[in-house]
């Protein structure tokens with residue numbers, strides 16, 4: 001019979017590596033040689049020791065002292081540091097830990113699912129990218145994929161890597177290209193904390209107590225509670241037939257996986273939550289596309305809960321809107337992916353200091369992992385450079401603002417159009433559809449007006465009620481502004497969607 005599936009089993013399995021040796025001061029693995037500390041910010045440093053043990057932390061000209069609490073935890077806050085020569089961090093108690101080659105610069109989280117996890121090794125022009133990756137001022141730490149319901153304090157055999165032609169292949173590609181743009185532009189070190197996990201669902205990144213406190217997520221949690229109870233019942237059985245063994249094996253994988261509420265929050269994020277950062281970049285949503293309406297609330301909740309627990313205020317949080325994917329279609333259709341993109345766009349108006357990089361133009365219909373990660377990283381970097389580093393550059397894709405109906409024509413107005421419109425490859429605008437009272441969409445003719453508005457119509461629609469753009473899994477679109485930023489997918493209606501009642 002398979003070993004019983006219990007929460008204590010997970011605790012034993014994943015806390016063994018974190019057991020504190022008596023009398024020794026220890027640090028979680030986010031603190032290692034070659035790490036990057038956030039400049040001009042109070043940086044917390046924490047660890048474990050014997051209860052009551054005196055701890056001293058030294059860096060540059062600073063010395064901080066504290067004592068471990070009754071449960072062996074300790075923490076100090078370093079005064080803000082400035083960019084300069086590499087530093088040493090020395091932590092002393094009954095033993096001494098000496099970390100070297102520490103840089104001070106800009107630190108960002110790069111998180112999400114497989115498109116953020118996607119490595120430089122698997123991206124475009126890998127040989128050229130690796131050959132030129134001599135950037136000792138760029139550092140990255142990759143976290144392992146551990147899904148559990150109890151917080152993991154540290155992870156063994158994971159430390160900060162210095163960017164070289166030999167090491168960069170294992171870097172998150174989006175994270176690396178984002179960091180490279182910042183490093184080249186700002187001239188300061190950049191550290192990236194990569195905790196992305198392919199296939200992960202948004203709810204796995206959120207504290208389960210936070211989810212449970214919001215009644216709208218009760219159906220989501222109830223499904224998991226039922227699965228958990230089933231796994232416990234099977235584990236407690238004295239004998240199992242072959243079918244039950246298969247059920248238990250499958251449920252056990254789910255319990256350890258990347259979709260269970262709170263699993264990644266506890267298994268990965270908690271080990272470095274609170275480390276000094278400038279902000280976060282995020283690429284996720286594919287796994288939640290079937291519940292896109294729910295994502296309207298789930299995604300903002302995740303961002304807000306991270307900010308609250310990080311204790312660094314409303315730090316910038318920028319994400320990648322889902323790329324185009326799957327087969328192109330010649331006629332308008334409903335689309336869960338379009339609804340997920342809409343939920344992502346809506347989050348910008350829900351929360352301050354957020355933004356999205358639109359990449360509806362650089363996906364691959366046959367591959368959910370488009371290999372062009374350079375443009376993704378650069379579009380994210382635009383947001384950071386403009387908002388966090390006060391550079392005067394275009395950064396936000398054009399967005400729909402309003403619609404007026406004149407006869408059989410809909411006239412659309414847009415915000416954030418920098419340098420006018422630039423249709424790509426053809427002067428004919430592609431990707432617009434229109435519908436009347438019957439809510440049946442047809443392909444539309446769209447014309448650029450001299451004042452920058454866009455006129456949309458179709459012969460079969462005498463009284464337009466709604467216009468949509470790029471409303472498909474893999475839409476055929478070609479509209480950019482003068483800064484080469486693609487128009488954000490949109491719809492002017494709020495009619496029921498295919499994922500509205502999916503929880």
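On full extension of the chain, what length is gained from residue 443 through residue 158, given 0.36 nm per residue of separation minus the C-alpha to C-alpha distance?
97.4 nm
For 234, 322, what's the fewest-to-most ordering of other Cβ within 10 Å of each Cβ?
Final ranking by Cβ density, sparse to dense: 234, 322.
Using only alpha-carbon positions, what ratio does the radius of gyration of region 272-403 give when scaled by 2.2 N^0.38 Å?
So the Cα radius of gyration is 1.10 times the expected 2.2 N^0.38 Å.
By how many degrees, 0 to 90 and rounded to 10, does the Cα axis of helix 336-350 deviate from the longest principal axis of the chain?
Taking Cα atoms only, the helix is inclined about 70 degrees.
Along Cα→Cβ, 7 Å out, is where each label goes; now give me the distance between the ones at residue 327 and residue 416 in nm to one decimal.
Placing both labels 7 Å beyond Cα along the Cβ direction yields 3.3 nm.
Read through the labelled values [x] 1.07; [y] 1.02; [z] 0.92 and report the label of the one computed as Cα Rg over 2.2 N^0.38 Å from the structure.
[x]
I'd like the antiparallel share, as a percent to the nearest 5, of DSSP beta bridges with both residues in the chain.
Of the beta bridges lying entirely in the chain, close to 70 percent run antiparallel.
Take 32, 349 and order them by how many other Cβ atoms sit within 10 Å, fewest up front.
Ascending number of Cβ neighbours within 10 Å: 349, 32.
In whole Å, largest first, what are the principal axis extents of the Cα atoms in region 399-491?
Over region 399-491, Cα extents along the principal axes are 37, 29, 21 Å.
Note the per residue figure in Å³ for the convex hull of the C-alpha positions in region 383-425.
94 Å³
Would you mind getting me the FRET efficiency between residue 498 and residue 227? Use the beta-carbon distance for r and R0 = 35 Å, nearest 0.05.
Result of the calculation: an efficiency of 0.90.
Give me 362, 206, 447, 264 ranked fewest to most by other Cβ atoms within 10 Å of their Cβ, as a rough exposure proxy.
Least crowded to most crowded, the residues run 447, 362, 206, 264.
Since every read-out is calculated from the coordinates, none of them should be taken as a lab result. This one's a predicted model, so the numbers in the text were calculated from it and none came from an experiment. All Cβ positions, glycine included, derive from the backbone under ideal geometry; neighbour counts span all protein chains shown.
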